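Some notes on the structure that comes next.
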Amino acid sequence: MSDLKCVHCGLDCGNKPVWQNENPFCCEGCKTVYNILQHGKLKKYYSLMETPGIRLEAPEEGGKYAWLDREEIIQKLLEYRQGNVSRVRLFIPSIHCSSCIWLLENLSRLRAGIIHSEVNFPAREITVTFKHDMISLRQLAELLASIHYLPEINPDIDKSEAKQKEGNRLLRQLGVAGFCFANIMLLSLPDYFTVGYRLDYEYRLVFGIINFLLIIPVILFSGVDYLLSGFRNLRKGIINIDLPISIGISALLFQSIFVLASDTGPGYFDSLAGFVFFLLIGKWFQQHTYDALSFERDYKSFFPVGVLRIEPDGKESNVLLDELKMGDRVRIRSQEIIPADGHLVSDKAHIDYSFVSGESEIVECVRGEEVFAGGRQKGSSIDIELSAAVEQSRLTRLWNHDLQSKKKDKSLKMLIDQVSKYFTLVVILIALVSLGYWWIFNSSLALLSFVSVLIVACPCALALTLPFTYGNAMRQMGIVGFFLKHSGVVEVLSSADTIVFDKTGTLTEQGNFQVIYFGKTLSEDEKMLLRSSFRHSTHPLSRAVSDFLGEGKSVEPEFFQELPSLGIFMKYKDTWIKAGSESFVRNEKSDIEPGSKVYISTSFGTNSYFQVISQLRNGLDEVFQNIKEKYDIHLLSGDGPADASRMGNFFRKENMHFGMLPADKHTYIQKLKQQGKKVIMIGDGLNDAGALAASNAGISVAGSVYHFSPACDAIMKASQFEKIPGILGFARQSKIIIHLSFLFSVLYNIAGLWFAVQGLLTPVIAAILMPLSSLTIVVFTTFTTRWLGIRWLNVN
Amino acid sequence: MTTIFFLIGASLLVALGFLFAFLWAVKSGQYKDLYTPSIRILLDDDGDMQEDDPKDESVKN
């Protein structure tokens, strides 16, 4: 390998660097982008960060964005259009550094018609304002693609507008509650310093009225969601954390209004506002999400939005996925995914089904053969005649079938709901007992003590424990490349007892092969001849063998032929080499251990084979060493049992299952769940989508987390696979934190109740106890989860 | 006593001003992206994009 690094993307330039003015490039694509930026006087791109560029594996073919010319699509995508100015927001997963931000925000220098562009880095989005009479949406997308910032556009995916609005509403609620809390607290303070006497009447009156006015927005705007949810759930017979919260809020409010109206005290307005404020902080902390990640992709996001249809008269037209019918002829460009089942019309196709089936080999098809939706074409464009519409394809049906099971079962009740149930019952019991007790002994205290119990039994600490513990845990995991859909997933991870692994792409590395040679030792000359023949073949297995043989001397064969799905034949001087499948090379077929084997037979007497196996991920030994004892582990693979012996090191024999179809995986998980197991599924492709959805927690392993990943609960960077034991350990121990926090909460409540049942509760005590308990929880959970993060995940 | 009431009124007004500033900031989308502006401010807004960027040498290595 050469030591040259591409000026654009920084990758190794390989054997054939592309030179331009002493600047080496790894490929023509990178050179083109470099020149575009050079001409646009945007060279600064390369000085902000070193080699910030993005390399494309396959050159883009023209017309990919042709469907963006269609009016209804434009309508759907544009955020704003008035006069000749439009604004659009595009998702560009490859945004990765400050150079990207700089370049994309200077798009206007590259092309007239772009008025303004702004990047949202965490969401990997760019918002472009442009004059649509000077540059069309399609041209804009093509411009971005030309500098290798491929926009991923899907008009059917809701741009999370609703989520954004909800987030804004919470922020507004938080702001209002904070404002009211601070002011009410200030106005309540004077009362706390008057021991033995009361404030002057005017002060009492004015402060009371202002407090009352300030509490109105807290109840009607900031805290209204808790009240409504608590009430709604109660009517359905569900007791969750919102019920004790609602009871607390109501008790505080009515008691305060009562004492204010009867001029018997200052009331608990400050505690009430603080209560709502702290609850909202917890909610806000919990709401943390990863904007740029998509956890809920349906099959459509894997397909191209627009497809090139070949009309009967030979013309090409761009149609949308939904418009495809049976019998249509479509053209699939290189790297595109086949949208529906059909027959191949072109002579030859190389289709990669790894995403659908989990099988690692690329399938070669010839004319007339059936091809299935979800396969990715490798190589040049192919034509396909569809035998089904998109909705009727095998893959789509499978997906929809899985959707049925996606409704998560209720067996895994959230911890907080169970705790709240007991909490509510115990509090109401104590309140009633104290009511009864005082009714008999001192009826003037009865009602007071009853209300005091409801006021002081604050579920605030309870309600804050989970958001802060899991929210912090989620952030710590995010630092090491393990991204959760929401913080509740930590709880599911912590209670799991079974882990199911997919093999291809999860335990093995995609596209990384290990080759083992079986047979007599090869001399240098023989190696040279083999090298010369294999390097002419494009089959992935030949590639792997070719890499294995390494660089070195080679000769040009006098005769070379590649027979599709069989093998290769070459002649050089008086030697010949035949390589390929067993039936081709040896004219026999044995069924022992099918796998990826390349047999060779030569004129110089070599009769042996190469076994090509996909490389296992680094650190698997330690991972399994670690989780073996604590979890019941299973393997589900779409591949044949060739790997059984290798996998036997990790799994028990009865837990290994090969040749599993996507639906089999799905039922397997369901069966495990029926046995009462709490299952984590770790997989990667579409073939695991059903299993991921059926499991309690589905973890999708992805090389690039912003790209394709099936619907799941967590996305994990493939490079961080070895962190799995750490993450599970972290999740398990976060439970201890939660139990300790609950203990704190109970202690505070006992202290408060001690005053309350005696009828001795005063606003001062409440105003000290409530914030103190909340703060203790926040500080305790934050520090302990940090510590766990350092311990289990090596987060600094 | 009237002074106190006047001061309370004034402080409430000031606080309300801040509250509305916050609500406006939320509405105008300033809380949508809390990260990018921190990078953007470090990127110089220089108009001169000279061909001979002195830093270009470092890129070649």
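The values are calculated or read from the model by the stated rules, or taken from the named source; none is laboratory data. Remember, predicted model here, so these are calculated numbers, not experimental data. Counting neighbours? That spans all protein chains shown, and the Cβs are built from the backbone with ideal geometry, glycine included. Just the protein is used for accessible areas: all its heavy atoms, side chains included, with ligands, DNA and RNA removed. Shrake-Rupley method; radii C 1.70, N 1.55, O 1.52, S 1.80 Å.
Ignoring any ligand, DNA or RNA, what whole percent of the accessible area of chain A comes from carbon and sulfur when the probe is 1.4 angstrom?
Here carbon and sulfur together make up 57 percent of the probe-accessible area.
Give the calculated FRET efficiency between A:VAL224 and A:THR521 to the nearest 0.05, with a Förster radius of 56 Å applied to their Cβ-Cβ distance. It would help to have the intermediate numbers written out before the result.
Details: r = 80 Å, r/R0 = 1.42.
E(calc), rounded to 0.05, equals 0.10.
Got a sec? Which residues of the stretch B:18-32 lose 20 Å² or more of accessible surface with every protein chain in place, vs. that chain alone, 1.4 Å probe?
B:LEU19, B:PHE22, B:LEU23, B:VAL26, B:TYR31, B:LYS32
Compute for chains B and A the buried accessible surface, both sides summed, probe 1.4 Å, and express it in Å² to the nearest 100. Mind dumping the intermediate values first?
Working: alone 6280 and 36960 Å², together 40060 Å².
It comes to approximately 3200 Å² buried between B and A.
In degrees, nearest 10, range 0 to 90: what is the angle between the Cα axis of helix A:443-456 and the longest Cα principal axis of chain A?
So the helix axis and the longest Cα principal axis differ by about 20 degrees.
So which residues in the stretch A:98-129 end up with at least 10 square angstrom less accessible surface once the other protein chains are there, compared with the chain by itself, probe 1.4 angstrom?
At a threshold of 10 Å² (probe 1.4 Å), the residues of the stretch A:98-129 that become less exposed are A:SER98, A:ILE101, A:TRP102, A:GLU105, A:ARG109, A:GLU118, A:VAL119, A:ASN120, A:PHE121, A:PRO122.
Indicate the gyration tensor shape class of the stretch A:66-149 (rounded, prolate or oblate), computed on the Cα atoms with a ≥ b ≥ c the square roots of the eigenvalues: a/c under 1.5 is rounded; otherwise a/b larger than b/c is prolate and the rest oblate. Can you show the working numbers first?
Details: a/c = 1.68, a/b = 1.51, b/c = 1.12.
Since a/c reaches 1.5 and a/b is larger than b/c, the shape of the stretch A:66-149 is classed as prolate.
Taking a spot 7 Å from the Cα of A:GLN164 along the direction of its beta carbon, which residues of the stretch A:280-295 have an amide N less than 17 Å from it?
A:289-294
At 7 Å along Cα-to-Cβ for each site, give me the label-to-label distance between A:THR667 and A:ARG87 in nm.
Output for this residue pair reads 5.3 nm.
Of all the accessible heavy-atom surface of the stretch B:1-42, with the other protein chains kept in place and a 1.4 Å probe, what percent is carbon and sulfur?
Exposed carbon and sulfur together represent 76 percent of the surface.
Each residue of the stretch A:203-211 in order: what ³J(HN,Hα) in whole Hz does its phi give by Karplus 6.51 cos²θ - 1.76 cosθ + 1.60, θ = phi - 60°, with x for Gly and Pro?
Calculated HN-Hα couplings, in order: 4, 3, 5, 5, 4, x, 5, 5, 4 Hz.
Between A:GLU722 and A:GLU369, what's the calculated FRET efficiency when r is the beta-carbon distance and R0 is 51 Å? Round to 0.05.
Efficiency for this residue pair is about 0.80.
Could you work out the Rg to Rh ratio of the stretch A:166-285, with Rh taken as the Kirkwood radius (inverse of the mean 1/r over all Cα pairs)?
On the way: Rg = 15.3 Å, Rh = 15.0 Å.
Ratio of gyration radius to Kirkwood radius for the stretch A:166-285: 1.02.
Using amide H atoms built in the peptide plane, which far-off residues or other-chain residues are under 5 Å from A:ASP632 H to H?
Correct list: A:THR498, A:ILE499.
Over the Cα atoms, compute the radius of gyration (one decimal) and Dmax (the largest Cα-Cα distance, rounded to a whole number) for the stretch A:510-616, in Å.
Gyration radius and largest Cα-Cα distance of the stretch A:510-616: 12.9, 40 Å.
Measure nothing but the geometry: give the 0 to 90° angle between the long axis through the Cα atoms of A:662-674 and the longest principal axis through the Cα atoms of chain A, rounded to 10°.
30
Using Stokes-Einstein with the Kirkwood hydrodynamic radius over Cα pairs, what translational diffusion coefficient do you get for chain A at 25 °C and a viscosity of 0.890 mPa s, in µm²/s rounded to a whole number?
On the way: Rh = 30.9 Å.
In µm²/s, the coefficient rounds to 79.
Taking the highest mean first, how do the peptides A:21-33, A:76-88 order by number of other beta carbon atoms within 10 angstrom per residue? Mind showing how you got there, number by number?
Numbers: A:21-33: 18.2, A:76-88: 13.9.
Packing proxy ranking, top to bottom: A:21-33, A:76-88.
Gap in Å between the Cα centre of the stretch A:197-221 and the Cα centre of the stretch A:760-795?
If you average the Cα positions of each part, the centres end up 29 Å apart.
Which of the pairs A:LYS378/A:LYS571; A:LYS673/A:LYS723; A:LYS628/A:LYS673; A:LYS653/A:LYS735 have their Cα atoms more than 21 Å apart in this structure?
Long pairs (Cα-Cα over 21 Å): A:LYS378/A:LYS571; A:LYS673/A:LYS723; A:LYS653/A:LYS735.
So if R0 is 56 Å, what FRET efficiency would A:GLN75 and A:ASN442 give, r being the distance between their Cβ atoms, rounded to the nearest 0.05?
So, using R0 = 56 Å, E works out to roughly 0.20.
How far apart, in nm, are two points set 7 Å out from the Cα along the Cα-to-Cβ line at A:TYR422 and at A:ASP547?
With each label point 7 Å from Cα toward Cβ, the separation is 5.5 nm.
With only alpha-carbon atoms counted, please give the Rg and Dmax of the stretch A:630-705, in Å.
12.2, 35
Subtracting the Cα-Cα distance from 0.36 nm times the residue separation, let me have the gained length for A:ARG198 to A:PHE604 in nm, one decimal.
Numbers: separation 406, 0.36 × 406 = 146.16 nm, distance 11.03 nm.
Contour length minus the Cα-Cα distance gives 135.1 nm.
Select from the stretch A:3-47 all residues whose loss of accessible area on going from the chain by itself to the full protein assembly reaches 50 Å² or more (probe 1.4 Å).
When all protein chains are present, A:LYS41, A:LYS43, A:LYS44, A:SER47 each give up 50 Å² or more of accessible surface.
Just the number please: accessible area per residue for the stretch A:66-149, 1.4 Å probe, all protein chains included, in Å².
On a per-residue basis, the stretch A:66-149 sits at 37 Å².
What is the spin-label model distance, in nm, from A:PHE560 to A:ARG732 if the labels are put 7 Å beyond Cα along the C-beta direction?
5.5
Between Rg and the Kirkwood Rh of the stretch A:88-224, both from Cα atoms, what is the Rg to Rh ratio?
Working: Rg = 25.9 Å, Rh = 19.4 Å.
Ratio of gyration radius to Kirkwood radius for the stretch A:88-224: 1.34.
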